[in-house]
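Taking it in order: structure first as structure tokens, then the write-up.
The values are calculated or read from the model by the stated rules, or taken from the named source; none is laboratory data. Remember, predicted model here, so these are calculated numbers, not experimental data. Every residue, glycine among them, receives a Cβ derived from its backbone with ideal geometry; neighbour counts consider all protein chains shown.
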Amino acid sequence: MYKMKIRSKNNYNEYLMLILLITLASFFRLWQIDSESLRLDEAQSIWQASHTFTFIKTHMVQNVHLPLHNSILHIWQKYFGTSESSVRLMSAIPGILTVVVFYFLAKEVLIKPKYAFFATFLAAVSPFWVWYSREIRMYTLLTLVTVCSYLFFIRFIKRMNTFDAILYFVANAVGVYTHYFFLLVIAVQVIFLLFFWHKNLTPQSKAAFHKVLYALMSIGAFLYIVLLPWLHLFYLEHNSQSGTFAPNLARPNGFNVFLSLFEFTFGYQPEGVTTALLALWPLVTLLSFIFLIKRPKPHLPFMSLVIIGAIIPVIGPFLVSVFVKPIYLTRYLITATPFYLLLISWFLLNLGKKARAIIIPLYFVLIGFSLFNQFESSEVPTKENYRGAAVFVSKNATPRDVVVLSPPYTLYPIYYYYTGLAKVRTLPLWTMEPGPIPHIQDATLEQDFTRIKANHQRVFLVATLNLEDSQKAKDYLDSNYKKLASYQFSKFIWVYVYQVGYPAKDTYIVTSVP
Amino acid sequence: MSIKEHTPVIHNRYSVSRLLILFYGFVVLVYTMWWLNITNAGNPVLYVLLLLGEIYHVWQALGYVYTIWNQQDVPKQSIEHYYPVDIFITVCGEPVEVVEKTLKAVFAMDYPNKQVYILNDGRGRNAPGWQDVDNLALRYGATPITREKNVGAKAGNINNALRQTTSPFVAIFDADHAPEPDFLTETMGFFKDDNLALVQTPQYYENKDQNFLTRSAWEQQELFFGPICRGKNRVNATFWCGTNAVVRRKTLEQIGGVPENNIAEDFLGSLFFHQHGWKTLYVPKVLAKGLAPHDLGNYINQQYRWARGSLEVIFKYNPLFKKGLTWAQKLQYLYSSGYYLNGIIILIDALIPLFALTFNVLPVKAGTQNYMIYFFPFIFLTIYILLLSTNFQITFNAIQLSMSSFFVFCMAVLSTILGRKVSFKVTSKSQEGGNFLKLVIPHLVYVGLSVIAIAIGINRNGFVPSVITNSSWALFNIFFFWGFIRVAYPWATIPARVAYFISEQAYSYFRSKVPQVDQAASEVYVQDENQIEE
């Protein structure tokens, strides 16, 4: 009876702590969720989701992503509309749920509840997770299914429970239709089972291990069946030579790996802050000395899973990018972050007393600063203020002007926000027709632009300078026309106003300045 | 409790995957190529200095992985013939109780054919109570061999004893190293190989848990007597470590006795053994227990002695030019003695960020990106391989202490080159008080200079990346130098001392302000005294 009382008291405390952490996570994910403009990718998702399921399927198979997220978004938009806060809520909810499931995963791995709470606290305030919970893309859903997959995987191999096996299958089925990189999560689990887990087995538990292996192989077979229709479509599409919407990524170097780890830790920061924090690398070396040396060999049974789960989803795509084809983008690597956060927690909690007293508060200060900066700074390079640019051109461009977007696919966010009377064209010309998006050709640039400007007086060029073609378009206009004004809306988004025809007196001056 | 019950780690061999070592070799190669690309050079002088440092690091790193490439097990050999063994206990002023403990352990050794000698140099040193050691020897049935003058220090002491004894094998123990009962039964069996000159066993520190210093010193020993010594067996490059070893008398006679003109007589003696084609063997079993230096003064003296002796081998007996040694042996001797050059390298590495901050010059033009690409994999793998090879036994403290010893090693280099003797004398008073601040003056000066340099850097350039990185390096070095600073003074007592000082001052102040109370108190006291007398 006494034991039961203690247990219920412990449960009560556990739930209370969890509620506090959920509240904290919800605050960071929901507070002023619509304060930032939609980013290009978000606007593209909303646009795709506003079409039929068949369109989504066809469009996604040409893209680098899978259809599940946008299909759910399609239904969501039907019932809740397409306002920024509404669509982003669809990311925030899995973002908050991830924190809850992460607690149970942390408890399975780190064993001690207080360690699990600490790790969950880091997850709740993780700037990287917060960023993606406020963006209507598939990354929080991907993180949620990753955490679920690992949780049910561990529970299943520990307990051989059918319920866990079913949940594991469901998580993986959702995962394989959410993002291709989810396959790395399954790869991590396979590697763990084959190369690490069997080392811990006693002769008695070896028979059980074989049972686990057969059960997981069956689940794998079912997953393959589930994914088969998509694989078939994918095969047909990529054999048809009709082209893809896949972005052209740069080949990464070793520094990108460190940059990814930096972003996993501190989220997205202005370049100055990133440079300053990276300049502290000798201290990171010192920490790695302490991390590697001032501790006993990790004896937690799932620590090897944590380590390979934090490494393979980063190093795998990196190696493929270096030796085969560039596929490396930090956000694609988000499946590494649950275990990365667990590793950080484990490291911080296993420091010596004195080191802990210094390093943990310092870490919290840095995270707090990063979170604040990520919210507040307009210099964060991943912030894309298309809203500001679209509102500006809506107010200032008259029907005698033309709005030109470069690169062409920035049409998505501008269409979302634009309410002006001036015509909107892209350079090079593109009208969202299926097939690959065209690039500026030197030979046809002048001809294209002559068609665009026609009899207009001014051109409002909305340029996203970190994207292909934008700089080229700007350079062309700079060298051929008179620039009347330029306005910056975020790190890379500019509006340039050029005089391209005879001016009417009243159109010289831009009436509203951002 | 037997020491074997709580020190099993050194017995085991923890191999590092050769694939990992090869990959590490590739990483080292890439890192070296990057450094050798002179287009990276900033200030030429600083660049060259830093480059030398990096070449040194790479040499030591490659030397280490070469050593641990194939660590061999040493199966026990049964004894076919119980050869007579002379057991030498070298004494030079150690307390009688320490010697007695060793003596007891020596007599408890399970070996029938042994003769025990106490080589007492206490007399020559005029150590108080040196006669007690002779009396102790006689009481236990050992033979004291006492010299009037300590010519040739420990080597001379052993040579003197060799002249007065005859057994074909000699087991040598320092006064504070007590052997286990099976010491000789575990080691003598190997001498069935007629070409074997020496069997060396680990120096285990019984007092390793006494304090930070003893613990860290033991961790350093674990690395040396772990993968390094096991690896040296492969190329027949094990060297004599002065104590806990058995030596074939004939080999010592062949090299003209233990070399007396070097502080590290054991190290040099081994080199001569190998030159004459003899084999040496390391048996990775803890068969004797000794004492680690328990305070900074003793630790520094020990490190200086080892450094000076090893460096003399480089500068005076360079193994590269010694005939009779194989290339593997030459490399091993050079690698081991070269370790003590790291004081100079650490000093260079520590001063460069201060130069950069103060004078706004950079040794390398490359940005953070390049350092991360090339340096991180190198340092990370270096530490990881170190850990794997010691089964995660080595701790940060051991490395901190090694780096803190930089100035001792620098002094050893200087004194070797100049042929001067340097001693780190610590007065008995300071030892009692545990105050070794004098010995950490270089470290404290570095802290002060760092603060000034960081202030200058920030004042001139603001928080630009180069200032942040160089300041971080300075902090990095301070963190490592903290290893010595923390044990140089009983810092924990400062609050109590300050509190005591304040209370003393307060007492004096109030006493001067309220003399009447004091007077009254005295009167009461006098009255009480009178009452007692009555």
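Check every one of the strands (runs of 3 or more DSSP E) wholly within the range A:352-464 and list those with 1 or more residues that are out of contact with any Ser or Thr (no Cβ under 8 Å at 6 or more places or on another chain) and closer than 20 Å to A:Asp41 by Cβ. Working first, answer last.
Values: elements: A:402-406, A:423-426, A:458-464.
Of the strands (runs of 3 or more DSSP E) lying wholly inside the range A:352-464, those with at least 1 residues that are out of contact with any Ser or Thr (no Cβ under 8 Å at 6 or more places or on another chain) and closer than 20 Å to A:Asp41 by Cβ span A:423-426.
So, A:Val170, is that one aliphatic (A, V, I, L, M) and modelled with pLDDT of 95 or more or not? Before you say what the answer is, go through the steps one by one.
Numbers: aliphatic (A, V, I, L, M): yes; modelled with pLDDT of 95 or more: yes.
Judged against the criteria, A:Val170 is a match.
Put simply, of A:His59, A:His69, A:His74, A:His65 the only residue that is on the phi < 0 side of the Ramachandran plot and in a loop (DSSP other than H, G, I, E, B) is A:His65. Of the residues in the range A:133-154, none is within 27 Å of the chain's Cα centre (by Cα), surrounded by fewer than 21 Cβ atoms within 10 Å (Cβ to Cβ) and part of a loop (DSSP other than H, G, I, E, B).
Look at A:Ser378 and say whether it is at pLDDT below 95 and in contact with a helix residue (DSSP H, G or I) (Cβ under 9 Å, 6 or more places away or on another chain). Can you show your working first?
Values: at pLDDT below 95: yes; in contact with a helix residue (DSSP H, G or I) (Cβ under 9 Å, 6 or more places away or on another chain): no.
It is false that A:Ser378 is at pLDDT below 95 and in contact with a helix residue (DSSP H, G or I) (Cβ under 9 Å, 6 or more places away or on another chain).
Please tell me if A:Ile22 is surrounded by 17 or more Cβ atoms within 10 Å (Cβ to Cβ), farther than 30 Å from A:Lys325 by Cβ and modelled with pLDDT of 95 or more. Spell out how you get there, then give the answer.
Numbers: surrounded by 17 or more Cβ atoms within 10 Å (Cβ to Cβ): yes; farther than 30 Å from A:Lys325 by Cβ: yes; modelled with pLDDT of 95 or more: yes.
Yes.
For B:Trp306, the requirement of being without any contact (Cβ under 8 Å) to a residue 60 or more places away in the chain and surrounded by 21 or more Cβ atoms within 10 Å (Cβ to Cβ) is met. Considering B:Phe169, B:Phe173, B:Phe224, B:Phe190, the condition of being closer than 22 Å to B:Val283 by Cα and within 17 Å of the chain's Cα centre (by Cα) is satisfied by B:Phe224 alone. Is there a residue in the range A:386-396 that is more than 27 Å from A:Gly267 (Cβ to Cβ) and among the polar types (S, T, N, Q)? Scanning the range A:386-396 turns up at least one residue that is more than 27 Å from A:Gly267 (Cβ to Cβ) and among the polar types (S, T, N, Q). Counting only helices (runs of 4 or more DSSP H) that sit wholly inside the range B:288-389, those with at least 1 residues that are touching a helix residue (DSSP H, G or I) at 6+ places or on another chain (Cβ under 8 Å) and within 14 Å of chain A (Cβ to nearest Cβ) are B:342-359, B:368-389. Checking each residue in the range B:447-476 for being surrounded by fewer than 22 Cβ atoms within 10 Å (Cβ to Cβ), under 30 Å from B:Asp295 (Cβ atoms) and more than 9 Å from chain A (Cβ to nearest Cβ) picks out B:Val447, B:Gly448, B:Leu449, B:Val451.
Okay, residues lined up against (1) on the phi > 0 side of the Ramachandran plot; (2) aliphatic (A, V, I, L, M); (3) surrounded by fewer than 22 Cβ atoms within 10 Å (Cβ to Cβ):
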| position | (1), (2), (3) |
| --- | --- |
| A:Leu351 | no, yes, yes |
| A:Phe372 | no, no, yes |
| A:Glu379 | no, no, yes |
| A:Ser394 | no, no, yes |
| A:Asp401 | no, no, no |
| A:Pro407 | no, no, no |
| A:Tyr416 | no, no, yes |
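Only one of the listed residues (A:Leu287, A:Leu333) is closer than 24 Å to A:Pro381 by Cβ and assigned by TED's automatic domain parsing to the domain that holds A:Gly175. That residue is A:Leu333. Taking (1) outside any loop (DSSP other than H, G, I, E, B); (2) assigned by TED's automatic domain parsing to the domain that holds B:Lys149 in turn, B:Tyr56 satisfies each apart from (2).
Residue under question is B:Trp69, and the condition is that it be at pLDDT below 90 and buried (at least 18 other Cβ atoms within 10 Å of the Cβ); does it hold? So B:Trp69 does not fit the description; no. Scanning the range B:19-34 for residues that are without any contact (Cβ under 8 Å) to a residue 24 or more places away in the chain and under 32 Å from the mean Cα position of the chain (by Cα) returns B:Leu19, B:Leu22, B:Phe26, B:Leu29.
Is it true that A:Ala116 is surrounded by 24 or more Cβ atoms within 10 Å (Cβ to Cβ), part of a helix (DSSP H, G or I) and touching a residue at least 60 places away in the same chain (Cβ under 8 Å)? Considered against the rule, which asks whether it is surrounded by 24 or more Cβ atoms within 10 Å (Cβ to Cβ), part of a helix (DSSP H, G or I) and touching a residue at least 60 places away in the same chain (Cβ under 8 Å), A:Ala116 comes out as no. Return yes when B:Asn397 is surrounded by fewer than 18 Cβ atoms within 10 Å (Cβ to Cβ), in contact (Cβ under 8 Å) with a residue 40 or more places away in the chain and at the interface with chain A (Cβ under 10 Å from one of its Cβ atoms) and no when it is not. No. Scanning the range A:249-273 for residues that are buried (at least 18 other Cβ atoms within 10 Å of the Cβ), more than 9 Å from every other protein chain (Cβ to nearest Cβ) and part of a helix (DSSP H, G or I) yields A:Asn256, A:Ser260, A:Leu261, A:Phe262, A:Glu263, A:Phe264, A:Thr265, A:Phe266, A:Val273. Show the residue pairs meeting these rules: Cβ distance below 8 Å; 6+ apart or different chains; first residue within the range A:300-325 and closer than 28 Å to A:Lys199 by Cα; second residue of a type in the set (D, E, K, R). Close Cβ pairs (under 8 Å, with a partner that is of a type in the set (D, E, K, R)) amount to A:Phe302/A:Glu108.
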